[in-house]
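Structure first, then comments.
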Amino acid sequence: MSLTLEVVGEKVARMGGSSRKVFETGGTIGRNRDNDWVLPDEYISGHHAKIAFANGAYSIEDTSTNGVFVNSPKNRMTKGKPYTLRDGDTIYIDDYEVRVSLASPALAAMPLSPASPGYPQIGGAGTLGSLIPDDPMSDDAGP
């Protein structure tokens, strides 16, 4: 499983090519260059947050003085108490809005093709075609 954190909003331009970070295990976020993901801002702590991966889940822990907020700029995490990240969460670090995406490598690497089981088929019993009513405007429509 991988964790992708991506800055969204007006701070994207300031980040340049580093507005997105993929974590395969744990790591750190902060202003200092020794972090796995550097947020170049004087209001970000040198070591602002820690990402951990354990028991199949990613968590974030606030290690800052200014706080980490989850899903709302008003919902401050308790310092030192990890929060288990979920796909679609939004993390706020100062005025950086960071979108959380979780992906399983097996699912991400498995493209569906029209011949794959589970790929939506058009037409025939047990397919999407059987769920779509006949088009009353088509030439094939009965009386």
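Tabulated values for the structure
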read-out: Kirkwood hydrodynamic radius (C-alpha pairs) into Stokes-Einstein, region 2-106, 10 °C and 1.306 mPa s, D in µm²/s; value: 117
read-out: Added length on full extension, which subtracts the Cα-Cα distance from 0.36 nm per residue, THR65 to TYR43; value: 6.9 nm
read-out: Least to most buried among ASP62, ASP89, ASP34 (fewest other Cβ within 10 Å first); value: ASP34, ASP89, ASP62
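No lab work stands behind these numbers, since they all come straight from the coordinates. These numbers come from a predicted model, not from an experiment. Every residue, glycine as well, gets a Cβ built from its backbone with ideal geometry; the counts of neighbours run over all protein chains shown.
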